[in-house]
1. Contact list please: Cβ distance under 6 Å, first residue in region 27-50 and more than 19 Å from residue 105 (Cβ to Cβ), second residue in a strand (DSSP E or B), pairs at least six apart or on different chains.
2. Which residues, taken from region 81-104, are more than 14 Å from residue 43 (Cβ to Cβ) and surrounded by 14 or more Cβ atoms within 10 Å (Cβ to Cβ)?
3. Can you confirm whether region 48-58 contains a residue that is within 14 Å of the chain's Cα centre (by Cα), surrounded by 13 or more Cβ atoms within 10 Å (Cβ to Cβ), farther than 19 Å from residue 126 by Cβ and at pLDDT 95 or above?
4. From the residues in region 4-39 that are within 10 Å of the chain's Cα centre (by Cα) and assigned to a strand (DSSP E or B), which one is surrounded by the fewest Cβ atoms within 10 Å (Cβ to Cβ)?
5. Only one residue in 93, 101, 63, 97 is within 18 Å of residue 15 (Cβ to Cβ) and touching a helix residue (DSSP H, G or I) at 6+ places or on another chain (Cβ under 6 Å). Which one?
6. Mind checking which pairs have a first residue in region 79-92 that is within 13 Å of residue 120 (Cβ to Cβ) and a second that is surrounded by fewer than 13 Cβ atoms within 10 Å (Cβ to Cβ) and at pLDDT 95 or above, Cβ under 8 Å, 6 or more apart or different chains?
7. Tell me which residues, restricted to region 113-125, are within 13 Å of residue 9 (Cβ to Cβ) and part of a helix (DSSP H, G or I).
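The values are calculated or read from the model by the stated rules, or taken from the named source; none is laboratory data. Bear in mind that the values here come from a model prediction, so they are computed numbers and not experimental data. Ideal geometry is used to build each Cβ from the backbone, glycine not excepted, and the neighbour counts take in all protein chains shown.
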């Protein structure tokens, strides 16, 4: 299988995968074909919180271990400043702007189910 470029995966896509949603196989296919997969720390937070809320802390830790098998993208001041600009320019919530800032910084594509990203460059909405 030919590898594509770098891919940042948003929490909505991970939740889709972890709960075996309708688009889970499409998300996994895109992850498998990526040359590298990046998980921003805000995504780790959102996925952990959702799994702990719906299932249990133990399941949330397992999900965190799975996410940690990919490249964790740490929040830096530069990412935060870029996110601030993106939030103002596109009307994005804080977490969405941070994820998009990581995507832009890495020159990657963003995999998401979140329609708040519709129409933005470098975004793949499933």
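1. Here the result reads 30/111; 31/37; 33/4, each pair linking region 27-50 to a residue that is in a strand (DSSP E or B).
2. 82, 84, 86, 87, 90, 92, 104
3. Checked region 48-58: at least one residue is within 14 Å of the chain's Cα centre (by Cα), surrounded by 13 or more Cβ atoms within 10 Å (Cβ to Cβ), farther than 19 Å from residue 126 by Cβ and at pLDDT 95 or above.
4. 37
5. 63
6. What qualifies is 87/93; 87/94.
7. Result: 117, single match.
Here is a yes/no grid of residues against (1) under 11 Å from the mean Cα position of the chain (by Cα); (2) closer than 23 Å to residue 26 by Cβ; (3) not in a helix (DSSP H, G or I):
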site	(1), (2), (3)
80	no, no, no
85	no, no, no
99	yes, yes, no
111	yes, yes, yes
